[in-house]
Each structure stands twice: as C-alpha cells, then as structure tokens.
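Q: I'd like to ask some things about the structure below.
The values are calculated or read from the model by the stated rules, or taken from the named source; none is laboratory data. Treat the numbers as computed from the prediction; the structure is a model and nothing was measured. We place every Cβ from the backbone using ideal geometry, glycine too, and count neighbours over all the protein chains shown. We work out accessible area using only protein heavy atoms, side chains counted, and drop any ligands, DNA or RNA first. Shrake-Rupley method; radii C 1.70, N 1.55, O 1.52, S 1.80 Å.
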Amino acid sequence: QVQLVESGGGLVEAGGSLRLSCAASGSIFSIRTMGWYRQAPGKQRELVASITSGGSTNYADSVKGRFTISRDNAKNTVYLQMNSLRPEDTAVYYCNADVLYYRGSYYYPGDYWGQGTQVTVSS
C-alpha cells in the first residue's frame, strides 16, 4: 500500500557531506512521524533523527550539530543533511514512516521501511 524509496547514499571522505532523500508513495492519507535509522555491521539498528508532521525534530546525541532532518509534506519526502561525516557514521541508512493509509472507505495505521542506502565514510 505504501512504498518508501531512498536515495543519496555513497562514499565520502571524513569531514564531507551527503544528503539522503526518502519519498513515500501509495495510498497515503497522512504521514505522522518520519525518521532515519542506521545499522552498522554487527550492531543494532538505531535512530538517527526523526521529524513529526508539525516539524518537531529529535536527534541521536552522536549526530547533534552535524545532521539536519527536514521534510516536505506536500511531496511526502524526508531529507537528512549529513555534514562533518565521520568514519563511525558508516552504516546502511533506513527511512521509516508512520503512515495513515486508506483502503476502500477505511483508514489504517502502518509502519513502513525503505530498502536502505549505504553510507561509507573513509578516514
């Protein structure tokens, strides 16, 4: 019913920047919270940043001051601007959306994930 497509990952040197994008599509009525998570090899998936439909943001301590999350509600898209990247930021980054979608005459809540995009920061 809902698909999330991420883009913008890649290889960058330490100190560099990348911008991730995630576009949601499908039978969407509204999107409440959108967020970015990451998972490094051998580690659990962790929250990087999240943003509500009203624009309230939350960041992991490790990225505060370096990463900025934003969203375009009209496009159902969330962004993650990553500056001053460090080797420890290397991970697969996943987009997540807390969605209210419609099917027929009814609305249902759903939690959706993107396929992941690799971010590699070289030292």
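Q: Out of all the residues in the stretch 97-123, which are crowded, with 18+ Cβ neighbours inside 10 Å and not in a loop (DSSP other than H, G, I, E, B)?
A: The answer is Ala97, Val99, Tyr101, Tyr112, Thr117, Val119, Val121.
Q: While we're here: How many residues does the stretch 1-17 contain that are open to solvent by 30 Å² or more (accessible area, probe 1.4 Å) and either touching a Gly at 6+ places or on another chain (Cβ under 9 Å) or part of a strand (DSSP E or B) (or both)?
A: The total comes to 7.
Q: Still on this structure, please answer the following. Among the residues of the stretch 80-89, which ones are crowded, with 18+ Cβ neighbours inside 10 Å and over 9 Å from Arg38 (Cα atoms)?
A: Residues satisfying the conditions are Leu80, Met82, Leu85.
Q: Now a separate question. Given the criterion without any contact (Cβ under 8 Å) to a residue 24 or more places away in the chain, assigned to a strand (DSSP E or B) and surrounded by 13 or more Cβ atoms within 10 Å (Cβ to Cβ), identify the matching residue among Thr68, Thr33.
A: So the residue among Thr68, Thr33 that is without any contact (Cβ under 8 Å) to a residue 24 or more places away in the chain, assigned to a strand (DSSP E or B) and surrounded by 13 or more Cβ atoms within 10 Å (Cβ to Cβ) is Thr68.
Q: Of Ser53, Ser62, which residue is within 16 Å of Ile31 (Cβ to Cβ), assigned to a loop (DSSP other than H, G, I, E, B) and either in contact (Cβ under 8 Å) with a residue 24 or more places away in the chain or open to solvent by 50 Å² or more (accessible area, probe 1.4 Å) (or both)?
A: Ser53
Q: Turning to a different aspect of this structure: Does Tyr94 count as open to solvent by less than 70 Å² (accessible area, probe 1.4 Å), in a strand (DSSP E or B) and either in contact with a Leu (Cβ under 8 Å, 6 or more places away or on another chain) or without any contact (Cβ under 8 Å) to a residue 12 or more places away in the chain (or both)?
A: Considered against the rule, which asks whether it is open to solvent by less than 70 Å² (accessible area, probe 1.4 Å), in a strand (DSSP E or B) and either in contact with a Leu (Cβ under 8 Å, 6 or more places away or on another chain) or without any contact (Cβ under 8 Å) to a residue 12 or more places away in the chain (or both), Tyr94 comes out as no.
Q: With the condition kept exactly as written, say whether any residue in the stretch 19-30 is in contact (Cβ under 8 Å) with a residue 24 or more places away in the chain and not in a strand (DSSP E or B).
A: yes
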